[in-house]
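What follows is a single structure, written as structure tokens, with notes after it.
The values are calculated or read from the model by the stated rules, or taken from the named source; none is laboratory data. Not measured: the values here are computed from a predicted model. Quick reminder, even Gly has a Cβ in these numbers, built from the backbone with ideal geometry, and neighbours come from all protein chains shown.
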């Protein structure tokens with residue numbers, strides 16, 4: 001028989017949404033299967049104590065072109081804020097503050113003024129950072145030897161001390177790679193700095209949601225997918241992908257199997273290993289070696305404003321990054337501050353009371369206005385496996401979209417996109433996977449009969 005190719009997408013995160021839309025645009029009959037009652041994957045919000053709470057503080061950069069294009073496709077581009085020019089307030093508990101702000105010069109001179117005026121480092125330390133950044137421009141992020149190296153060792157070679165690491169390098173590496181600089185792959189750090197800061201002056205301008213994440217991703221994605229003719233099935237748990245005659249596939253699970261000419265598996269790498277058939281020739285131990293890195297978020301509602309900027313970074317404090325999320329969460333008359341703690345290996349095992357006391361004390365030391373403010377609510381959320389670990393050698397462990405079965409394709413920020421585990425990487429992986437899946441079942445091709 002002939003007809004539209006049938007493509008199933010397992011996973012309704014950003015990778016799955018992007019893959020489904022691209023496949024539908026190409027004329028395929030698309031079914032999207034998602035185990036949760038919502039779309040958006042790891043970037044979502046929920047209600048807690050009367051607040052609309054994001055599961056984590058997801059930001060993006062101007063260089064995240066494919067994620068921004070997806071937002072435009074979903075009609076959600078007006079629900080985000082994108083800085084006109086990079087500006088990061090940096091706070092210290094001793095009251096010293098600084099501003100990392102780019103100027104209008106071309107890269108890499110756009111950061112020269114910010115480093116020259118960066119009061120948290122001595123003039124000699126600033127010069128050393130500038131030299132190291134210029135050296136980082138020359139590191140090939142696609143060289144396996146650089147991927148096998150630890151960024152910490154490279155920093156030692158560049159004579160970067162603890163002050164420089166805390167005040168500059170950790171400030172960027174922690175939120176982008178979810179690892180401490182000493183633990184991260186040199187190649188992955190080089191990719192982040194080159195794409196985000198060193199090659200294009202405007203690439204590092206920061207964007208963030210002005211609405212709860214589910215309002216940004218879930219609701220617009222459902223509407224857009226419906227208009228594209230995608231059959232979205234929520235609360236549908238895929239158990240396994242089974243190869244069928246003629247190269248087709250069957251996804252078992254839910255309330256009954258779903259047959260398709262090709263399937264895109266767009267779930268976290270730990271889950272993917274359990275879904276894939278042996279014929280896909282994806283080594284589950286290789287995926288296991290990718291590991292995971294946790295993120296902990298501390299949510300505090302004060303009775304007054306304590307943070308005067310939309311976000312800020314902390315140096316020499318447990319508070320890595322903090323965000324004013326009062327407006328999206330629906331807080332009036334006070335302020336809701338969310339603290340994001342990346343690489344939270346120690347924090348994830350702390351009990352909630354200890355975490356609350358630890359971070360409330362740190363916030364009071366960092367924000368003078370918090371010292372006299374009343375804490376109305378404070379709670380902790382944890383993402384135990386928030387991202388894969390972009391450690392030395394990780395790139396070699398990240399599979400591409402193709403498997404041993406042409407009709408079984410992989411997607412997700414953990415696949416080899418060259419990007420770290422970001423929303424941009426997820427979208428790019430979905431787009432690539434869609435192209436591979438479509439090529440496996442060209443439109444109008446002869447479809448083999450499938451027997452039960």
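Among the residues of segment 350-374, the ones that are surrounded by fewer than 15 Cβ atoms within 10 Å (Cβ to Cβ) and touching a helix residue (DSSP H, G or I) at 6+ places or on another chain (Cβ under 7 Å) come to 1 in all.
Within the set 246, 256, 204, the sole residue that is over 27 Å from the mean Cα position of the chain (by Cα) and in a loop (DSSP other than H, G, I, E, B) turns out to be 256. Looking at (1) part of a strand (DSSP E or B); (2) under 30 Å from residue 59 (Cβ atoms), can you tell me which one residue 233 breaks? Residue 233 satisfies every listed condition except (2). Among residues that are farther than 22 Å from residue 343 by Cα, part of a helix (DSSP H, G or I) and not assigned by TED's automatic domain parsing to the domain that holds residue 62, residue 121 is not included.
Between 433, 449, 411, which is on the phi < 0 side of the Ramachandran plot and either at pLDDT below 95 or surrounded by fewer than 21 Cβ atoms within 10 Å (Cβ to Cβ) (or both)?
Within the list 433, 449, 411, the selection yields 449.
How about segment 175-202: which of its residues are out of contact with any helix residue (DSSP H, G or I) (no Cβ under 8 Å at 6 or more places or on another chain) and closer than 25 Å to residue 318 by Cβ? The answer is 175, 178.
Please verify whether segment 306-326 includes one or more residues that are touching a strand residue (DSSP E or B) at 6+ places or on another chain (Cβ under 8 Å) and farther than 23 Å from residue 372 by Cα. No - not one qualifying residue is present in segment 306-326. Within segment 213-246, the set of residues being out of contact with any strand residue (DSSP E or B) (no Cβ under 8 Å at 6 or more places or on another chain), crowded, with 17+ Cβ neighbours inside 10 Å and under 28 Å from residue 276 (Cβ atoms) comprises 217, 218, 221. Residues that are crowded, with 22+ Cβ neighbours inside 10 Å and more than 17 Å from residue 220 (Cβ to Cβ) were ranked within segment 12-29; the one that is farthest from the chain's Cα centre (by Cα) is 28.
Please verify whether residue 35 is at pLDDT 95 or above and farther than 19 Å from residue 386 by Cα, treating the condition exactly as stated. Answer is no for this residue. Would you say residue 145 is within 18 Å of residue 108 (Cβ to Cβ), free of Cβ contacts under 8 Å to residues at least 24 places away in the same chain and within 27 Å of the chain's Cα centre (by Cα)? Considered against the rule, which asks whether it is within 18 Å of residue 108 (Cβ to Cβ), free of Cβ contacts under 8 Å to residues at least 24 places away in the same chain and within 27 Å of the chain's Cα centre (by Cα), residue 145 comes out as no.
Being closer than 30 Å to residue 364 by Cβ, outside the structural domain of residue 422 (by TED's automatic domain parsing), within 26 Å of the chain's Cα centre (by Cα) and modelled with pLDDT of 95 or more is a property that residue 74 lacks.
Taking the condition under 21 Å from residue 28 (Cβ atoms) and either outside the structural domain of residue 416 (by TED's automatic domain parsing) or out of contact with any strand residue (DSSP E or B) (no Cβ under 8 Å at 6 or more places or on another chain) (or both), does residue 262 pass?
On the way: under 21 Å from residue 28 (Cβ atoms): yes; either outside the structural domain of residue 416 (by TED's automatic domain parsing) or out of contact with any strand residue (DSSP E or B) (no Cβ under 8 Å at 6 or more places or on another chain) (or both): no.
Considered against the rule, which asks whether it is under 21 Å from residue 28 (Cβ atoms) and either outside the structural domain of residue 416 (by TED's automatic domain parsing) or out of contact with any strand residue (DSSP E or B) (no Cβ under 8 Å at 6 or more places or on another chain) (or both), residue 262 comes out as no.
When we screen 85, 137, 131 for residues that are over 27 Å from the mean Cα position of the chain (by Cα) and modelled with pLDDT of 95 or more, the only hit is 131.
At pLDDT 95 or above, crowded, with 24+ Cβ neighbours inside 10 Å, touching a strand residue (DSSP E or B) at 6+ places or on another chain (Cβ under 9 Å) and not in a loop (DSSP other than H, G, I, E, B): is that true of residue 427 in this structure? Here the answer is no, as residue 427 does not meet what is asked.
Please tell me if residue 276 is under 25 Å from residue 401 (Cα atoms) and either over 23 Å from the mean Cα position of the chain (by Cα) or modelled with pLDDT under 95 (or both). Criteria met by residue 276.
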